[in-house]
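A quick write-up on the structure given underneath.
The values are calculated or read from the model by the stated rules, or taken from the named source; none is laboratory data. None of these values were measured; they are calculated from a predicted model. Cβ atoms come from the backbone with ideal geometry, glycine included; neighbour counts cover every protein chain shown.
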Amino acid sequence: MPSLRRAALALVVLALAGCAHAAERTAGPLRVVATTSTLASLAQGAAGAGVVVRSLVPVGVSPEDFQPSPDAIVALRDADVLVENGAGLEGWLESTIRNSGNPNLRIVVCADGLPVVAGNPHLWMDPVFARAYVAKIGDALIAADAPHAAAYRSATDAYESQLDALRARTQQKIATIPAQQRTMIVFHNAFDYYARRFGLRVVGAIEPIPGADPNPAHLADLVRIARAQHVRAVFAEHEYSDKLALTLAASAGGLKVAFLYDDSLGTDAAVNTYIGMIDTDTDTIVQSLR
C-alpha cells in the first residue's frame with residue numbers, strides 16, 4: 001500500500017507541475033511526441049533530421065495494451081506537438097493528456113477524416129493512408145514552428161515521394177503471388193487496409209478482439225476456413241506469443257507460420273522505420289504465400 005500511495009502522489013505532483021506549463025514554447029528544435037513507434041517514424045519523415053521525435057509506447061509493446069507511466073506524462077507536458085492515430089487505438093491517451101496539463105500542446109489525430117472501416121484503427125498499414133498522415137503532420141509542424149516552414153515542407157515532400165515509391169514496389173511484389181494464393185489468416189485485424197490496397201484476402205484473425213484470447217470454437221472455425229480457402233500460411237506478430245498461431249497451423253494441416261510487424265516497429269535496422277517495416281512485412285508475405 002505505501003508504494004501505491006507513493007505512485008499516486010507522483011502522478012499528482014506531475015499533474016500539478018503540468019498545470020504550470022502554460023508558457024509559449026522555448027527556442028530550439030520542435031519537441032514532437034508520437035503515441036507509437038510507427039507514428040514516430042512517419043512524424044520523423046515529415047519533420048526531417050533537425051527534429052527528434054519520441055514515441056510514448058516503447059518498441060515491441062502494443063498500443064492496445066500500453067499502460068502509461070509518469071514518464072509519459074512528463075513527455076507530453078514538455079511537448080509542442082503530439083501525433084496520435086485516433087480511431088480508438090489509444091484508449092489510454094485522453095487521461096494522459098489531461099494529466100500532463102499542457103494547454104499549448106498541438107494534437108494531430110491522423111485518422112480523422114479518413115475512411116475508418118468497422119472501427120479498425122490500423123489505417124497506417126496502407127502506405128496511401130500513411131501518406132495522408134504525413135501531410136497532416138507536416139501541416140501541424142509548420143503551424144507550430146512557422147520560422148522553419150520551408151524545411152518542414154521540403155522534408156515532407158521528400159518523404160511523401162518515398163511513400164509513393166513504397167506503395168508502387170509493394171504492389172509489384174504482391175503481384176508475384178498467384179491470385180488464388182493471396183489468402184491470409186492473421187493474428188489480429190491490423191492488415192485489413194493493407195490487404196484491400198494490394199489485393200490480398202484476410203479470411204480470419206486469431207485474436208478478433210484485441211487483448212482477448214479466442215475461444216476454442218473460434219479456433220475451430222479458423223481451421224475450417226483455412227482448409228476450405230486453401231490458406232498457405234498463418235501470420236503471427238512479434239509482440240505476441242506464437243502459441244495460438246502454431247496450434248492453428250498444425251491443426252489445419254501443417255501451414256507455414258510467419259511473423260509480421262504492424263503496431264510496433266522492430267529493433268533491427270531493417271525494421272526500425274515505417275518504410276523498412278512495410279518492406280519487410282511484404283517480403284515475408286510474398287515468401288510465405290508464393
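Take the conditions of a type outside the set (A, V, I, L, M), within 30 Å of G48 (Cβ to Cβ) and not assigned by TED's automatic domain parsing to the domain that holds D126 and apply them to G254. Does it pass?
Numbers: of a type outside the set (A, V, I, L, M): yes; within 30 Å of G48 (Cβ to Cβ): no; not assigned by TED's automatic domain parsing to the domain that holds D126: yes.
Considered against the rule, which asks whether it is of a type outside the set (A, V, I, L, M), within 30 Å of G48 (Cβ to Cβ) and not assigned by TED's automatic domain parsing to the domain that holds D126, G254 comes out as no.
Conditions: (1) in a loop (DSSP other than H, G, I, E, B); (2) within 18 Å of the chain's Cα centre (by Cα); (3) not hydrophobic (A, V, I, L, M, F, W, C). K136 meets all but one. Number of the miss?
Only one criterion in (1) in a loop (DSSP other than H, G, I, E, B); (2) within 18 Å of the chain's Cα centre (by Cα); (3) not hydrophobic (A, V, I, L, M, F, W, C) is unmet by K136, namely (1).
How many residues are surrounded by fewer than 20 Cβ atoms within 10 Å (Cβ to Cβ) and part of a loop (DSSP other than H, G, I, E, B) if we restrict to the stretch 100-117?
9
Quick test of your reading of the structure: P121 fulfils all but one of (1) part of a helix (DSSP H, G or I); (2) assigned by TED's automatic domain parsing to the domain that holds G88; (3) within 25 Å of P68 (Cβ to Cβ). Name the failing condition by number.
P121 satisfies all of (1) part of a helix (DSSP H, G or I); (2) assigned by TED's automatic domain parsing to the domain that holds G88; (3) within 25 Å of P68 (Cβ to Cβ) except (1).
Could you please let me know if R153 is more than 15 Å from the chain's Cα centre (by Cα) and not polar (S, T, N, Q)?
So R153 passes the test.
Are any of the residues in the stretch 181-196 within 19 Å of the chain's Cα centre (by Cα) and surrounded by fewer than 18 Cβ atoms within 10 Å (Cβ to Cβ)?
yes
Of the residues that sit in the stretch 215-258 and are among the hydroxyl-bearing types (S, T, Y) and over 26 Å from the mean Cα position of the chain (by Cα), which one is nearest to V61 (Cα to Cα)? I'd like the intermediate steps shown before the answer.
Here is the first cut: in the stretch 215-258, the ones among the hydroxyl-bearing types (S, T, Y) are 240-241, 247, 251.
From the residues that got through so far, the ones that are over 26 Å from the mean Cα position of the chain (by Cα) too are 247, 251.
On the way: T247: 23, S251: 29 Å.
Selected residue: T247.
Looking only at the stretch 78-105, how many residues end up being over 20 Å from the mean Cα position of the chain (by Cα), among the charged types (D, E, K, R) and closer than 24 Å to G138 by Cβ?
Within the stretch 78-105, residues that are over 20 Å from the mean Cα position of the chain (by Cα), among the charged types (D, E, K, R) and closer than 24 Å to G138 by Cβ number 2.
Return the residue satisfying two criteria in turn: it lies in the stretch 52-67 and is crowded, with 20+ Cβ neighbours inside 10 Å and modelled with pLDDT of 95 or more, and of such residues it is nearest to A150 (Cα to Cα).
Ranking the candidates gives V53 first.
Look through I142, I97 and report the one residue that is in a helix (DSSP H, G or I), over 30 Å from F259 (Cα atoms), touching a His at 6+ places or on another chain (Cβ under 9 Å) and not assigned by TED's automatic domain parsing to the domain that holds G266.
When all the criteria are applied, what remains is I142.
Please note which helices (runs of 4 or more DSSP H) are completely contained in the stretch 176-290 and include at least 1 residues that are within 27 Å of P115 (Cβ to Cβ) and at pLDDT 95 or above. Show your work before the answer.
Values: elements: 192-198, 216-228, 243-251, 274-289.
Helices (runs of 4 or more DSSP H) meeting the threshold: 192-198, 216-228, 274-289.
Which residue out of G138, G86 is in contact with a Ser or Thr (Cβ under 6 Å, 6 or more places away or on another chain), among the small types (G, A, S) and modelled with pLDDT of 95 or more?
G138
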